[in-house]
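Report on the following structure.
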Amino acid sequence: MPKAKAKAAMEITELLHQDHLKVSELFFQFSKAEDDSEKEALVQEILTELHVHAKVEEEVVYPVVEEEAEEGEELVGEANVEHKMVKYLMAELSQISGGDKELDAKVTVLCELVKHHVGEEEKEMFKKLRESGADLEELATQAQERKEELMAEPLPTMTATLEIEGEEEEEEDAKVKALPNKKAPAKGKRRSA
Ligand SMILES: [Fe+2]
Ligand SMILES: [Fe+2]
């Protein structure tokens with residue numbers, strides 16, 4: 001009898017949850033790390049995990065949520081914006097060293113962003129995905145395969161950009177406005193009446 005395609009023993013929500021736990025543990029280790037090389041190694045690991053996880057979600061999971069889950073479009077729209085903010089900080093972190101004075105602050109903010117995003121996924125998105133009737137084990141199989149492929153590839157170069165499709169002109173304006181506004185404010189204390 002031909003055997004059905006081997007399925008992951010877990011559902012997609014469990015697989016993603018395991019990833020979330022792993023990254024949370026790495027952030028915790030970073031908070032305890034003391035020397036620069038240890039911090040650098042942890043940042044590399046965090047970036048790799050987040051890169052692969054986000055890609056698997058965007059390629060394998062979010063399209064199904066969008067198609068099949070109730071309020072899927074809104075959920076995925078918000079999740080994609082959060083991914084974008086996370087990737088911005090990841091790109092910044094990919095270029096700084098363990099001794100950089102901004103490292104801790106950037107990792108802390110990244111951790112907060114990820115924590116918020118993971119909370120939304122686990123509370124809202126996973127619930128809606130379970131209710132949608134999608135084949136969660138099949139999704140886990142696909143996600144696991146894609147994850148293994150991505151893990152075998154080197155981490156791509158990341159560029160920090162906040163450009164949003166179709167909004168380039170406004171972005172440019174914002175940059176131009178932000179630059180020359182260095183007219184020194186009056187030295188005196190600002191008083192509000
Ligand atoms: Fe996500
Ligand atoms: Fe996630």
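The values are calculated or read from the model by the stated rules, or taken from the named source; none is laboratory data. The shown structure was predicted, so the numbers you read here are calculated from the model rather than taken from an experiment. As a convention, Cβ positions derive from the backbone with ideal geometry for all residues, glycine included, and neighbour counts pool all protein chains shown.
Please tell me if V23 is without any contact (Cβ under 8 Å) to a residue 12 or more places away in the chain and under 11 Å from the mean Cα position of the chain (by Cα).
Here the answer is no, as V23 does not meet what is asked.
With respect to D19, is the statement that it is of a type in the set (D, E), within 13 Å of ligand 1 (Cβ to nearest atom) and assigned to a helix (DSSP H, G or I) true? Write out each step before concluding.
On the way: of a type in the set (D, E): yes; within 13 Å of ligand 1 (Cβ to nearest atom): yes; assigned to a helix (DSSP H, G or I): yes.
Answer is yes for this residue.
Check E120, E112, E149 and return the single one that is surrounded by 13 or more Cβ atoms within 10 Å (Cβ to Cβ) and modelled with pLDDT of 95 or more. Show your work before the answer.
Working: E112 fails: surrounded by 13 or more Cβ atoms within 10 Å (Cβ to Cβ); E149 fails: surrounded by 13 or more Cβ atoms within 10 Å (Cβ to Cβ).
Unique residue meeting the criteria: E120.
Could you list all residues from the range 67-77 that are surrounded by fewer than 17 Cβ atoms within 10 Å (Cβ to Cβ), in a helix (DSSP H, G or I) and in contact with a helix residue (DSSP H, G or I) (Cβ under 7 Å, 6 or more places away or on another chain)?
From the range 67-77, those surrounded by fewer than 17 Cβ atoms within 10 Å (Cβ to Cβ) are 67-68, 70-71, 73-74, 77; that's our starting set.
Cutting the leftovers down to in a helix (DSSP H, G or I) gives us 67-68, 73-74, 77.
E68, E73 - these are the residues of the range 67-77 that are surrounded by fewer than 17 Cβ atoms within 10 Å (Cβ to Cβ), in a helix (DSSP H, G or I) and in contact with a helix residue (DSSP H, G or I) (Cβ under 7 Å, 6 or more places away or on another chain).
Go through the range 26-65 residue by residue and tally those that are within 15 Å of ligand 2 (Cβ to nearest atom) and either without any contact (Cβ under 8 Å) to a residue 24 or more places away in the chain or charged (D, E, K, R) (or both).
8
Considering (1) part of a loop (DSSP other than H, G, I, E, B); (2) modelled with pLDDT under 95, say which one A134 fails and leave the rest.
(2)
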